[in-house]
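The values are calculated or read from the model by the stated rules, or taken from the named source; none is laboratory data. Being a predicted model, the structure only gives us computed values, none of them experimental. Using ideal geometry, Cβ is built from the backbone for each residue, glycine included, and neighbour counts are taken over all protein chains shown.
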Amino acid sequence: MSSITFNNAPSDKKALEEGAVFSPRFDAAGLVTAVVTDAGDGTVLMVAHMNAEALSLTLETGIAHYWSRSRNSLWKKGETSGNLQQVVEMRTDCDQDAIWLRVKVTGHDATCHTGRRSCFYRAVGVKEGNAILTDDGSKPLFDAKKTYQDAK
């Protein structure tokens, strides 16, 4: 169990937005959104969620931890694939309801469970009045089926 605790958000908006106290504003489910980018080139790698324990473990260890909504469990990113996310910098937005992690990815430098570097490998567009997705051509950097099948 982690040992870092977080203060309740100050009632004073100025203190929340400009003060020095980190008071993450977790939603009704106890989560805060985390946007993750590559510390080197700024590529958006993924968006995930953190509960208080994941956020605390991330601060304590320097390795990104998240809360998996689909598995309903704590998740140390890269524990199965070997593609750990070493946190270079953590920031919060003005009202402290979102986190931005700048990370260095170890292993294959892949973040997505599909084996790609980024989860954002498709562009959204419109063709003949229909919303479509266009793949950016990025290829998996590791065999995701084998990696995650072996982890079961």
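Kindly provide the set of residues from the range 118-132 that are farther than 24 Å from H108 by Cβ and of a type outside the set (D, E), ordered by number. Those that are farther than 24 Å from H108 by Cβ and of a type outside the set (D, E): V124, G125, V126, K127, G129, N130, A131, I132. If only residues of the range 73-84 that are under 11 Å from the mean Cα position of the chain (by Cα) and not in a loop (DSSP other than H, G, I, E, B) are counted, the one that is surrounded by the fewest Cβ atoms within 10 Å (Cβ to Cβ) is K76. Selection of the range 73-103 for residues being β-branched (V, I, T), under 24 Å from K146 (Cα atoms) and at pLDDT 95 or above yields an empty set.
Being closer than 24 Å to T58 by Cα and assigned to a strand (DSSP E or B) is the filter; apply it to the range 104-151 and report the residue that is modelled with the lowest pLDDT. Show your work before the answer.
Pass one, the range 104-151, residues closer than 24 Å to T58 by Cα: 104-120, 147-148, 151.
Now narrow it down to the ones that are assigned to a strand (DSSP E or B): 104-105.
Values: K104: 97, V105: 94.
Filtering first and then ranking leaves V105.
Among residues of the range 91-103 being of a type outside the set (S, T, Y), in a strand (DSSP E or B) and touching a residue at least 24 places away in the same chain (Cβ under 8 Å), the one that is surrounded by the most Cβ atoms within 10 Å (Cβ to Cβ) is V103.
Among the residues of the range 45-72, the ones that are within 22 Å of S118 (Cα to Cα), surrounded by fewer than 19 Cβ atoms within 10 Å (Cβ to Cβ) and touching a strand residue (DSSP E or B) at 6+ places or on another chain (Cβ under 9 Å) come to 5 in all. Every listed requirement among (1) within 13 Å of the chain's Cα centre (by Cα); (2) at pLDDT below 90 is met by S11 save one, (1).
With respect to the conditions (1) in contact (Cβ under 8 Å) with a residue 60 or more places away in the chain; (2) surrounded by fewer than 13 Cβ atoms within 10 Å (Cβ to Cβ), G42 lacks only one, and its number is (1).
Only residues that are of a type in the set (A, V, I, L, M) and either surrounded by fewer than 16 Cβ atoms within 10 Å (Cβ to Cβ) or in contact with a strand residue (DSSP E or B) (Cβ under 8 Å, 6 or more places away or on another chain) (or both): list them for the range 104-152, please.
Our first condition is that a residue be of a type in the set (A, V, I, L, M); within the range 104-152, this holds for 105, 110, 123-124, 126, 131-133, 141, 144, 151.
Within the range 104-152, V105, A123, V124, V126, A131, I132, L133, A151 meet the criteria.
Within the range 85-110, if we keep just the residues that are over 23 Å from D27 (Cβ atoms) and among the polar types (S, T, N, Q), the residue that is farthest from the chain's Cα centre (by Cα) turns out to be T106.
For the range 20-72, filtering for residues that are part of a strand (DSSP E or B), over 24 Å from D95 (Cβ atoms) and modelled with pLDDT of 95 or more leaves 2.
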